[in-house]
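What follows is calculated from the coordinates using simple rules that are stated; it is not laboratory data. Only a predicted model underlies this, so the values are computations on that prediction, with no experimental measurement involved. All Cβ positions, glycine included, derive from the backbone under ideal geometry; neighbour counts span all protein chains shown.
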Amino acid sequence: MMMKFAIALASSLFAGAVTAFAPAVFSRHRVTKTTQLYGRKPFISGNWKLNPQTKDEALTLAKEISASITEGSPDADIALFVPYVFIESAMGAVDGKLSVGAEGVCPEIKGAYTGAISTSMLKSIGVQWALAGHSERREIFAETDDYINAQCLRIIQEGMGVMLCIGEKLEEFEQDLAGSVCAVQLKKGLKGIAKDDLDKVVIAYEPVWAIGTGKVATPEIAQAVHSKCRKILAEMYDKEAANGVRILYGGSVTPDSVDDLMSQPDIDGALVGGASLDSQKFGRIINFKSAVPV
Ligand code: 13P
């Protein structure tokens, strides 16, 4: 019985994950219909994590990625979240064609916090975006919802944008708890953040079982959770506010899966790990082709 469930789950998870996309010619000013309906500009982002290993490699990668953004690319926000030491050189390499953000911040502003990086330090070198709540920070670095909330509040207080990552583990997914886990992480992560500040918030739904596993969620599964997240945001704020918040999908996104994901009404972009370290792959993701042209 369990085995049958596991097989059914696996096929529902991965069926359609790698499907052909409907070719569509995109001008730089076209966006997916549903996204445009609510004025949500697509947002494609990469998270380099603990990569690459040298400044030279980081420079080459950043240059190649920025070269993939052309006049014909979709009109989307593009960002790379990179290790602190590479931020300034990556900024120089991309020449303003995309944002270079931080993979995290310390919620404290100054003082005896060895190894920490503050929002003021980041702002002083021109950083506008930072990640918070990534599952690797939650798991490996034991960052709690309270700590993540403090990071979000600090980032917003400094006038920067925060990309809050949320998502359930495999056993939670199997128990149909994805929506509940996301509700808790959204409510705790965004506690105290005013509706007027939601323009500085992007949500990244990253199911933990999909991160670095090659097991991308099907567009249908991702869409269902994104829609649920938007309903939760509507309960927390209101429908109009919820319709304005961009919700990105992350977890094994590749050139093969991005178009179908981006064709979903509530998927407004992607947060890409492994494929953002390959300029060809990430370039293709930046140049996604939604099956729902304007
Ligand atoms: P992968 O794309 O390697 O699965 O990583 C996703 C991720 O964790 C982005 O933050």
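Helix-only arithmetic for the chain: the sum of -39500 (n - 2.57) across DSSP H runs with n ≥ 4, divided by the residue total, places the mean residue ellipticity at 222 nm at -11500 deg cm²/dmol. Rounded to the nearest 20 debye, the dipole size of segment 176-294 about its Cα centre is 220 debye, using +1 on the Cβ of Lys and Arg and -1 on the Cβ of Asp and Glu.
Under the definition of Cα pairs under 8 Å and six or more residues apart, what whole-number percent is the relative contact order of the chain?
On the way: 572 pairs, mean separation 75.1, N = 294.
After rounding, I find 26 percent.
Evaluated at q = 0.07, 0.12 Å⁻¹, a Debye calculation over the C-alpha positions of segment 2-286 (equal weights, vacuum) places log10 I(q)/I(0) at -0.23, -0.72. Packing order of peptides 152-164, 176-188, 129-141, 250-262, highest average first: 250-262, 152-164, 129-141, 176-188 (average count of other Cβ atoms within 10 Å over each peptide's residues).
For C165, the residues 5 or more places off, or on other chains, whose built amide H falls under 5 Å of its own are A132, G133, H134, A204.
The charge dipole of the chain, taken about its Cα centre with unit charges on the Cβ of Lys, Arg, Asp and Glu (plus for the first two, minus for the last two), comes to roughly 360 debye. Under 5 Å from the amide H of A270 lie the amide H atoms of F43, I44, S45, Y249, each residue being 5 or more positions distant or on a separate chain, with H modelled from the backbone and absent for Pro and chain starts. Taking amide H as placed 1.01 Å from N in the peptide plane, S99 has its amide H under 5 Å from the amide H of I78, A79, L80, each at least 5 places away in sequence or on another chain.
Taking the centroid of alpha carbons for each part, segment 85-107 and segment 197-228 are 23 Å apart. Karplus-derived 3J(HN,Hα) values for segment 115-125, using 6.51 cos²θ - 1.76 cosθ + 1.60 with θ = phi - 60°, are x, 8, 10, 8, 5, 4, 4, 5, 4, 5, 10 Hz; glycine and proline are entered as x.
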